[in-house]
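Rule-based calculations on the coordinates, nothing more; no lab input. Fair warning: this is a prediction, and the values are worked out from it, not measured in the lab. Counting neighbours? That spans all protein chains shown, and the Cβs are built from the backbone with ideal geometry, glycine included.
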Ligand code: GCU
């Protein structure tokens, strides 16, 4: 209806103001709707019944992130997350269609699935349809084992969460977005490297992108157990202590814990902080150790919710320069391991990947592995629990970060929280590593001291460490980086015989350590192309690498407080920093085993030393 009395302009101005106002409401509505709650951690998520969303997902490569951002780089309200199908009478084009898009497997990195994506760094969209019947009085979480690096998720067009960090699990509440019957999920995953990321721009491993770990739906009752910590008391024999946190329980709710095999059970009341404190005697518990990796089925119940986890019970602590497992000194005979899949290469994620990699470590004679440089998959940790391998787990604070940037600290803290809260009940994990090879600056030291203090608060039952860089005066190597004061166990990386000197340089190297603490050589080694042979001084030959190991073992045995080692590295792994054609071919070749399973001579040198316990002080 048109009002003739008004000046045409006045009319259109008022009309325009109304439109503006509606638009503002709409944007506000979508914005508020579009800011979903932060994802949560679910301890023992892999022990809960779930609906798997693994398999083939449609995928669209979107280098300019056109599916989310408009040409003025504003978030689109009609982005590809709507999974819109073009309609015959549309007045605008729909320039994407998941139903005709090529597939990518989940879990899996995209780099090794499609030649054209081998070097790709940027956003890729994923979509899959699924049916689901939500039950009454339940909350449903989308569980993502890992998505590298920055990811966004929508269910039926509604944004359900956003996450930054490529190596930790997270869970998004999708209860309000799910419908009975047909549903669809859209994810955008972007592995672009930014200087304020954790890790930052430089890494010596392939920046595998995608939904790299398993994805599923987990249903829990309205009041549910999100986190729990159960471990053996250090001070009271055969006493299990810890806590259970129950969301929406409310004070006075009950928690029951039972270990049927040891006829032990207890119950406790949830307090105002939704936590129930646990303390009960479990006589006759067999202690978990590499020799006897005994796992107990443990039932955790509260209200309608239950989880049955497989937990080993052991204590770990230091005494002077000793590391004590179950009260006894131990030497950690280890190797460093990247989550690179054996044979097929790409990001490791399966039980089989873990069995092969850790099987090789056992064959080497290891009782310990350093899982580098980021939290590994639950499949790897479960395998370490089962196979009896102690674990060093690491937060991906790697090389140089913006240590003076509070936002970067917050990201590192978030990833540390997710790592510890997800994996705190693995008996295998004894060490939380805060970082790797960071520059010795005041900002860095403060940054990592903050992380170490946080880790101690989150988990006072394990040891805090980090590999420090070493300085030298002549043939004397000195470990006196002041960060060592914040650590329980000092790690150090050195490459005598490879990046510096010849293998025999180790014979004349002395060590000076400024800390009365246990010491672990977290990295040493050298490169070799499997099958390349030659004289001892021919670099890249198996003979040269084996010689490095012989001299290193001699040198390391002369360091009185050395309590462990994890040479670099179990298996060759892909790295963008390694272009030497015919030798490296974009692999870091410091593996004791090639990516195709060929054992190099150095493997047998170290295996002999480990089997004969010829390293470290006798236990
Ligand atoms: C460093 C670093 C590793 C790297 C290794 C190497 O010490 O921690 O990530 O791969 O050296 O240079 O091979």
Cα-only radius of gyration and Dmax that characterise the range 487-571, units Å: 13.5, 43
Cα coordinate range in the range 281-367, projected on the principal axes (Å, largest first): 45, 44, 20
Radius of gyration, Dmax [the chain; alpha carbons; angstrom]: 26.8, 102
Pair residue 158, residue 129: separation of 7 Å Cα→Cβ label points (nm): 2.1 nm
Label-point gap, in nm, between residue 539 and residue 272 - each point 7 angstrom along Cα→Cβ: 6.5 nm
Alpha carbon Rg of the range 68-108, scaled by the compact-globule rule 2.2 N^0.38 Å: 1.43
Counting all C-alpha pairs of the range 174-225, share separated by more than 13 Å (%): 75 percent
Measure of compaction for the range 216-275 (Cα Rg per 2.2 N^0.38 Å): 1.27
Distance from the range 480-511 to the range 202-238 (C-alpha centre basis), Å: 33 Å
Extended-chain gain in nm, criterion 0.36 nm per residue less alpha-carbon gap, residue 78 and residue 586: 178.9 nm
P(r) tail fraction, the range 536-619 - alpha-carbon pairs more than 16 Å apart, %: 56 percent
Semi-axis lengths, Å, the range 424-487, gyration tensor of Cα atoms, sqrt of 5 times eigenvalues: 25, 14, 8
Computed label-point distance, nm, for sites residue 508 and residue 351 using a 7 Å Cα→Cβ extension: 5.4 nm
Rg in Å to one decimal, and Dmax rounded to a whole Å, for the range 300-449 via C-alpha atoms: 16.9, 51
Normalised alpha carbon radius of gyration of the range 158-287 [divisor 2.2 N^0.38 Å]: 1.47
Normalised contact order of the chain, rounded percent, pairs of Cα under 8 Å and 6 or more residues apart: 11 percent
log₁₀ of I(q)/I(0) at q = 0.13, 0.19 Å⁻¹ - the range 130-215, Debye sum with one point per alpha carbon: -0.46, -0.83
Per principal axis, descending, Cα span of the range 452-597 in whole Å: 48, 35, 21
All Cα pairs of the range 38-80, percent lying beyond 17 Å: 61 percent
0 to 90° range, to nearest 10: angle between helix 601-611 axis and the chain longest Cα axis: 70 degrees
